[in-house]
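Peer 1: One structure, as structure tokens, below. Some questions next.
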Amino acid sequence: MKLIIQIPCFNEEHALPDTLRDLPREIPGIDAVEWLVIDDGSTDRTVEVARAGGVDHVVRLTNNRGLAAGFQAGLDACLKLGADVIVNTDADNQYVGGDIPKLLAPILEGRADMVIGDRETDRIEHFSPVKKLLQRWGSAVVRRASDTRVADTTSGFRAYNREAALQIQVVSKFTYTLESIIQAGKMLVAVDHVPISTNPKTRESRLFPSTAAYVRRNGVSIFRIYALYEPLRLFLAAAMFTAAIGAVIWARFFWFVIQGDSGGHVQSLILGSTLFIVAVQFVALGVVGDILAGSRVLQQRILERVRRVELHLGVEPSHYEPGARPTGHEPTTGAQAGRATGKTEDREALKL
């Protein structure tokens, strides 16, 4: 069984060496452990530092495309390099490399396809009370949308088996953490979580320059993802809320009519009617969104099949460069494995 640990990076030349030193090279139950760095258009020496640290593979994007795009590019490369299991970690050494066996345990035991590391954010000292509260609220919303029990939905320390990685197709431009969990839950991927530890904070987050930015970006992401995967539920709730307000306003108007004082209250009738029309429009948006959600599921299944065909044909990873593996111990790529499989099949066909 082959494990590839992928590390999305953007200008991480200073933090990356500590992260690499903490990663394991041997894990019980795993035959081969390889490292892959996704360079998201860095302008510093991230790639040179990665190679000096012994990274086996490099995916070098030509410009900065964001964390979600880097994560997706890494998954694609890991699959084409023949990974049976993929672990994603951050380049800032936030996560403890020694916890990787904990992440892998549910997968190796056949209990899960995707495992999230739970940082137990209430215990993280450098998280402010506001951020801890937002973490709990955000995770609760994602759990409801995904029908999972993941405690720490924003954790980037996670493991995927081959089948789960094949099904993940992140479309968000900002972050992969929330969408991939919701997508996994909707695609009936078995999701689990395990408690992990974290290293001391080394620098401020580059994703969230302030608490206000954290609230704004994560709030928008959660709403967008929820609308993408649960449009009918979201818009029906909006319709019921709007219709309830309209009903109260109508009740006020009819109360005055019963009292014989309808004059001067026509605006209540107009406002109530307008809100009722808005509620009907929300229902229509929910129905249309639900139809589009069904189409998206079909598109995801098509993309999954395309991935499987690419793996069978041995298509090389995009933007791929070899790492710094010592001569004589070159890793076998998925493309090479695919070609070897094809040759074997051709020989068997000739025998027949």
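Peer 1: Quick check: is even one residue across segment 7-19 among the polar types (S, T, N, Q) and buried (at least 24 other Cβ atoms within 10 Å of the Cβ)?
Peer 2: yes
Peer 1: For segment 120-127, does any single residue satisfy the condition of being touching a strand residue (DSSP E or B) at 6+ places or on another chain (Cβ under 7 Å), part of a loop (DSSP other than H, G, I, E, B), within 27 Å of ARG21 (Cβ to Cβ) and among the charged types (D, E, K, R)?
Peer 2: For segment 120-127, residues touching a strand residue (DSSP E or B) at 6+ places or on another chain (Cβ under 7 Å), part of a loop (DSSP other than H, G, I, E, B), within 27 Å of ARG21 (Cβ to Cβ) and among the charged types (D, E, K, R): present.
Yes or no, residue by residue, for (1) modelled with pLDDT under 85; (2) of a type in the set (A, V, I, L, M, F, W, C); (3) over 27 Å from the mean Cα position of the chain (by Cα):
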site	(1), (2), (3)
ARG301	no, no, no
GLU304	no, no, no
GLY314	no, no, no
ALA324	yes, yes, yes
THR333	yes, no, no
ALA337	yes, yes, yes
THR344	yes, no, yes
LYS351	yes, no, yes
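Peer 1: Taking CYS78 and the conditions (1) of a type outside the set (Val, Ile, Thr); (2) surrounded by 23 or more Cβ atoms within 10 Å (Cβ to Cβ); (3) modelled with pLDDT of 95 or more; (4) over 20 Å from SER180 (Cβ atoms), which numbered condition does it fall short on, given that it satisfies the others?
Peer 2: Failed condition: (4).
Peer 1: To continue, here is another question. Conditions first: (1) within 22 Å of SER295 (Cβ to Cβ); (2) not assigned by TED's automatic domain parsing to the domain that holds ARG143. ALA243 passes all but one, so which condition is the exception?
Peer 2: Evaluating ALA243 over (1) within 22 Å of SER295 (Cβ to Cβ); (2) not assigned by TED's automatic domain parsing to the domain that holds ARG143 leaves (1) as the failure.
Peer 1: Any residue at all in segment 91-109 that's surrounded by 23 or more Cβ atoms within 10 Å (Cβ to Cβ) and of a type in the set (S, T, N, Q)?
Peer 2: Yes: segment 91-109 contains one or more residues that are surrounded by 23 or more Cβ atoms within 10 Å (Cβ to Cβ) and of a type in the set (S, T, N, Q).
Peer 1: Would you point out which residue out of VAL85, VAL58 is of a type in the set (Val, Ile, Thr) and touching an Asp or Glu at 6+ places or on another chain (Cβ under 7 Å)? Spell out the reasoning first.
Peer 2: Numbers: VAL85 fails: touching an Asp or Glu at 6+ places or on another chain (Cβ under 7 Å).
On inspection, the qualifying residue turns out to be VAL58.
Peer 1: What number of residues within segment 279-312 are more than 18 Å from MET187 (Cβ to Cβ) and surrounded by fewer than 16 Cβ atoms within 10 Å (Cβ to Cβ)?
Peer 2: Total satisfying the criteria: 8.
Peer 1: To continue, here is another question. Return a yes/no flag: does segment 48-71 have any residue that is at pLDDT below 95 and of a type in the set (Phe, Trp, Tyr).
Peer 2: yes
Peer 1: Okay, moving on. So if I check each of GLN259, GLN300, which one is in contact (Cβ under 8 Å) with a residue 12 or more places away in the chain, outside the structural domain of GLU179 (by TED's automatic domain parsing) and polar (S, T, N, Q)?
Peer 2: Residue meeting the stated conditions: GLN300.
Peer 1: Scan segment 159-175 and tell me whether some residue there is surrounded by fewer than 23 Cβ atoms within 10 Å (Cβ to Cβ), over 28 Å from ASN93 (Cβ atoms) and basic (Lys, Arg).
Peer 2: no
Peer 1: Working only within segment 114-137, note down all residues that are surrounded by 22 or more Cβ atoms within 10 Å (Cβ to Cβ), under 16 Å from the mean Cα position of the chain (by Cα) and over 12 Å from LEU178 (Cα atoms).
Peer 2: MET114, VAL115, GLY117
The values are calculated or read from the model by the stated rules, or taken from the named source; none is laboratory data. Model, not experiment: these values are computed from the prediction. Backbone-built Cβ (ideal geometry, glycine too); neighbour counts: all protein chains shown.
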